[in-house]
Amino acid sequence: MRYRRSMLWCVALCGILLVACSGPEAKKMKFFEKGKAFYEKADYVRAGLEFKNAIQIDPKFAEANYMLGMANLGQGNFRGAYGAFSKAAELNPGHLPAQLQLGKLLLSGGERDKAMEKAELVLRTEPRNETALLLKGAVYLSGKESAKARAHLEPLLAQGMARPDAYLLLASARMQEKDTRKTEEILKKGLERNGKDLPLHRALADLYASQGRTDEAAVEVRKVIELDPADFGNRITLASLYWGAKQPDKARAVLNELLAAKPDDEAVRLDVARFYAERGSVADAERELRAGIARNGKSLRPRLALGALYLNSGRVDNAAVLLRECIALEKDPGAPEILQARNLLALAHLAKGELDPALKNVDEAIKASKGNVEAHLIKGRIRLLQRDGAGAVAEFRTVVNERPQVVQGYLYLAEAHLLKKEPGLALETLQNALKIDSKSRDVRRTLARFYVTQNDPRQAEVWFRKILGENPGDVEIGAELGDLYASEKEYKKAEGAYADVKRRAPKHPLGYVKAGEYQISRGDWKRATAEFEQAVNVDPRNGPLLSALVRLYMKQGRAAAAVSACETHVRRNGDDAFAWNLLGQVHGEQKEYRKAEAAFRKAIAAKPDAMETYLLLGRMHLREGDYQKGRAAYEQALEKQPGFWVAANDLAVLLCERAASGADLDKALSLAQNALKSRPEEPAVQDTLGWIWYKKGDGGKALELLQRAQGKVPESAEINYHLGMALFKAGRREEAKVHLKKSIAGVGDFPGREEAARTLAGI
């Protein structure tokens with residue numbers, strides 16, 4: 001009987017235990033352990049969900065809050081991580097790992113004193129806690145207190161600490177003191193004890209690279225590649241090293257090896273293309289993206305990237321074609337790639353001044369995804385261009401609400417308030433941005449400019465000087481301060497500000513450019529020229545600077561000096577299409593047409609796909625009266641790039657004005673129609689097509705297009721002539737009279753000025 005009772009007791013006890021194991025505590029731990037398993041596999045999203053489940057059961061579960069913070073860190077969610085670590089530390093102040101993670105986050109946010117408090121808190125409990133000791137050293141370093149950092153770190157290493165981050169911190173202290181020899185010694189000692197540590201190898205590579213020791217740097221990067229062969233980013237780093245050392249062939253060889261090893265890896269090809277694009281090698285980037293499209297004709301990512309590349313390099317029409325292809329390939333309007341394509345296509349239309357189609361695309365993106373902040377940002381910019389202040393405010397408020405920590409939205413919102421004539425709200429918006437990032441250069445700069453618009457130069461000066469106080473070498477702000485003084489007629493201060501820019505940054509062209517522009521405003525061409533000569537000397541590869549200097553020479557009738565400047569540029573920099581084009585224009589202005597043609601031919605040889613050269617060549621031939629050669633130049637351009645609307649329009653004009661047959665006029669019509677498809681809102685194209693319809697006898701079509709063109713460029717002498725003649729032919733004599741008068745009174749010569757005068761005299 002006793003045996004039976006004991007058995008019953010055991011059964012009852014097991015039942016109780018089973019109930020307990022299936023209760024909240026067990027569920028909580030089950031979620032927690034699942035979260036840890038996901039975390040160890042670097043599946044931070046699912047890990048975070050499991051830790052949240054555990055916390056929902058037990059909100060006072062400190063360890064789960066800590067692990068949630070770690071999962072958030074893994075996702076790059078620093079705000080979420082800070083919140084979770086703070087909760088863990090609140091629930092258990094003795095949770096030292098949470099305190100340390102808080103210290104690291106506080107330090108990364110610039111809160112040095114609070115970070116030090118966390119380090120000291122941990123050290124009071126665990127005086128030998130290595131992470132806390134290193135955090136303390138990092139705090140010293142962040143405050144540029146290299147001597148304190150060394151005094152703290154050197155004993156730790158002497159006492160046997162072998163952690164690689166200790167060596168990295170000590171090396172950083174020596175670098176702050178510009179002691180590269182000691183830095184190298186420390187890194188090498190660190191590698192003696194931690195031979196497989198990637199950050200130490202990378203730091204040594206960076207040190208060698210900074211000293212121009214490219215081969216030694218490459219050895220270290222190759223060691224990183226050997227230690228971590230799966231990370232193709234290391235090969236990108238090696239290519240970057242070679243490219244920075246002006247060894248592009250070696251860089252390309254590294255990248256080609258990478259592509260050969262992973263020919264079908266789209267991510268690799270996109271990174272290689274991005275590498276080239278970021279370094280201005282557009283042709284290389286284009287080649288790789290086209291190869292990616294060829295390997296997978298239905299893939300959106302290389303198309304998107306190529307569209308963005310074209311957009312950023314000014315090939316807007318090419319970009320638009322690719323982006324429309326992307327939209328056609330994907331049926332889901334809310335797919336991330338389609339939303340991006342819509343946004344980029346809107347930017348392409350914006351670049352062409354086509355606001356309505358730009359608006360249509362962002363509206364489609366917003367319809368598919370109301371939280372598409374980029375689309376709202378673009379729509380706000382469109383509203384600004386439309387001078388719709390209320391509409392712009394609405395869009396930028398959406399941006400600010402969705403991304404309250406991103407200051408760019410506030411800057412746009414302030415601009416919208418100014419457009420609405422709400423300076424008080426604009427100022428309030430900028431002050432809110434300042435609260436988010438009190439050190440932001442962009443916010444401070446916008447505040448300074450705000451005060452300029454409000455005719456408060458003293459406050460503007462205060463904000464410009466605040467920026468310069470923290471960064472005296474900021475040449476742009478120094479130049480803007482000079483501009484402020486010049487606008488207030490404080491000429492000595494303006495000259496002083498520009499001189500200060502030159503003194504602080506003698507190798508930067510901006511100070512010389514601003515000083516030169518100031519001298520131009522005073523009519524002192526000699527001093528202006530001297531300043532621009534200095535600018536070109538410090539930045540000899542800068543094409544726009546060369547162009548500005550050449551214009552100054554030509555303004556003074558110094559054609560020989562202009563020619564010499566172009567030739568010097570070519571000698572310094574090798575064959576440069578920009579410089580050859582500039583030289584061709586100089587010769588053309590001097591009516592030295594054979595020399596001009598030779599220069600343009602050299603530009604084509606240097607850059608065969610530079611469409612501008614064919615335009616310049618064509619227009620030069622027309623000036624010298626060689627219409628056949630002019631026609632040939634335009635046709636060559638269109639052979640290379642059929643969608644090149646400027647060449648199509650120019651050729652249409654030429655054929656229209658000098659039509660030898662009906663076939664020429666028909667060809668002109670076809671060219672102009674194609675140009676209009678590409679640029680439906682371009683007044684020059686509307687004018688061309690309208691005039692061709694006039695010549696073909698279709699007055700209705702002619703008037704519609706010419707009126708649209710004249711509405712956009714109301715003072716154009718040529719467009720007014722065309723519209724006046726079309727109105728006269730339609731029997732609308734009084735209206736014709738108005739426009740013909742405008743054409744004759746207009747600036748510049750145009751074919752038909754005599755006809756305009758004769759027709760006007762007969763009305």
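When every residue of segment 113-124 is checked against the conditions, at least one turns out to be within 30 Å of residue 143 (Cα to Cα), among the charged types (D, E, K, R), over 40 Å from the mean Cα position of the chain (by Cα) and modelled with pLDDT of 95 or more. Being part of a helix (DSSP H, G or I), within 29 Å of the chain's Cα centre (by Cα) and either at pLDDT 95 or above or not basic (Lys, Arg) (or both) is true for just one of 586, 646. Which residue is that? It is 646. Selection within segment 158-173: residues that are assigned to a helix (DSSP H, G or I) and over 34 Å from the mean Cα position of the chain (by Cα). The member of this set that is surrounded by the fewest Cβ atoms within 10 Å (Cβ to Cβ) is 158. Mind checking whether some residue in segment 428-438 is touching a helix residue (DSSP H, G or I) at 6+ places or on another chain (Cβ under 9 Å), surrounded by 16 or more Cβ atoms within 10 Å (Cβ to Cβ) and more than 22 Å from residue 79 (Cβ to Cβ)? Yes, segment 428-438 contains a residue that is touching a helix residue (DSSP H, G or I) at 6+ places or on another chain (Cβ under 9 Å), surrounded by 16 or more Cβ atoms within 10 Å (Cβ to Cβ) and more than 22 Å from residue 79 (Cβ to Cβ).
Could you look through segment 183-235, keep only residues that are of a type in the set (Ser, Thr, Tyr) and surrounded by fewer than 19 Cβ atoms within 10 Å (Cβ to Cβ), and pick out the one that is nearest to residue 245 (Cα to Cα)?
First, pick out the residues of segment 183-235 that are of a type in the set (Ser, Thr, Tyr): 183, 208, 210, 214.
Among the residues that remain, those that are also surrounded by fewer than 19 Cβ atoms within 10 Å (Cβ to Cβ) are: 210, 214.
Working: 210: 10, 214: 7 Å.
Among residues in segment 183-235 that are of a type in the set (Ser, Thr, Tyr) and surrounded by fewer than 19 Cβ atoms within 10 Å (Cβ to Cβ), the one nearest to residue 245 (Cα to Cα) is 214.
Just checking: which of the helices (runs of 4 or more DSSP H) contained wholly in segment 295-408 hold 2 or more residues that are more than 18 Å from the chain's Cα centre (by Cα) and more than 30 Å from residue 272 (Cα to Cα)?
Numbers: elements: 301-312, 316-329, 336-351, 355-368, 373-385, 389-402.
Result: 355-368, 373-385, 389-402.
Considering segment 307-358, and only residues there that are out of contact with any Pro (no Cβ under 9 Å at 6 or more places or on another chain) and of a type in the set (Val, Ile, Thr), the residue that is farthest from residue 677 (Cα to Cα) turns out to be 338.
Residues being among the basic types (Lys, Arg), assigned to a helix (DSSP H, G or I) and surrounded by fewer than 18 Cβ atoms within 10 Å (Cβ to Cβ): count how many of those fall in segment 476-522.
Residues meeting the conditions: 4.
Per-residue answers, yes or no, for (1) touching a residue at least 24 places away in the same chain (Cβ under 8 Å); (2) in contact with a strand residue (DSSP E or B) (Cβ under 7 Å, 6 or more places away or on another chain); (3) over 25 Å from residue 179 (Cα atoms):
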site: 221; (1), (2), (3): no, no, no
site: 243; (1), (2), (3): yes, no, yes
site: 249; (1), (2), (3): no, no, yes
site: 264; (1), (2), (3): yes, no, yes
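Only one residue in 404, 333, 357 is touching an Asp or Glu at 6+ places or on another chain (Cβ under 8 Å), at pLDDT below 95 and of a type outside the set (A, V, I, L, M, F, W, C), so which one is that? Even if it seems obvious, please write down each step before you answer.
On the way: 404 fails: touching an Asp or Glu at 6+ places or on another chain (Cβ under 8 Å); 357 fails: touching an Asp or Glu at 6+ places or on another chain (Cβ under 8 Å).
It is 333.
Applying the condition of being small (Gly, Ala, Ser) and not in a loop (DSSP other than H, G, I, E, B) to segment 236-264 and asking which residue is surrounded by the most Cβ atoms within 10 Å (Cβ to Cβ) yields 239.
Residue check: residue 307 meets all listed conditions (1) more than 20 Å from residue 264 (Cβ to Cβ); (2) surrounded by fewer than 23 Cβ atoms within 10 Å (Cβ to Cβ); (3) not hydroxyl-bearing (Ser, Thr, Tyr) but one, namely (2). Consider residue 238 carefully, then state whether it is at pLDDT 95 or above and not aromatic (Phe, Trp, Tyr). Yes. Looking across 536, 570, one residue alone is more than 27 Å from residue 619 (Cα to Cα), surrounded by 14 or more Cβ atoms within 10 Å (Cβ to Cβ), under 34 Å from the mean Cα position of the chain (by Cα) and hydrophobic (A, V, I, L, M, F, W, C). It is 536. Taken together, 635, 704 contain a single residue that is within 30 Å of residue 601 (Cβ to Cβ), of a type in the set (D, E, K, R) and part of a helix (DSSP H, G or I), which is 635.
Every residue, every condition in (1) free of Cβ contacts under 8 Å to residues at least 40 places away in the same chain; (2) within 20 Å of residue 129 (Cα to Cα); (3) under 31 Å from the mean Cα position of the chain (by Cα); (4) in a helix (DSSP H, G or I), yes or no:
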{"position": "66", "(1), (2), (3), (4)": "yes, yes, no, yes"}
{"position": "70", "(1), (2), (3), (4)": "yes, yes, no, yes"}
{"position": "76", "(1), (2), (3), (4)": "yes, no, yes, no"}
{"position": "93", "(1), (2), (3), (4)": "yes, yes, no, no"}
{"position": "104", "(1), (2), (3), (4)": "yes, yes, yes, yes"}
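Checked against the criterion of being crowded, with 24+ Cβ neighbours inside 10 Å and farther than 28 Å from residue 358 by Cβ, segment 672-688 contains not a single residue that satisfies it. Test residue 473 against the stated conditions and say whether it is more than 30 Å from residue 416 (Cα to Cα), of a type outside the set (A, V, I, L, M) and in a helix (DSSP H, G or I). Spelling it out, it is not the case that residue 473 is more than 30 Å from residue 416 (Cα to Cα), of a type outside the set (A, V, I, L, M) and in a helix (DSSP H, G or I).
The values are calculated or read from the model by the stated rules, or taken from the named source; none is laboratory data. These numbers were taken from a predicted model, which means no experiment stands behind them. Please note: Cβ atoms are built from the backbone with ideal geometry, for glycine as well, and neighbour counts cover all protein chains shown.
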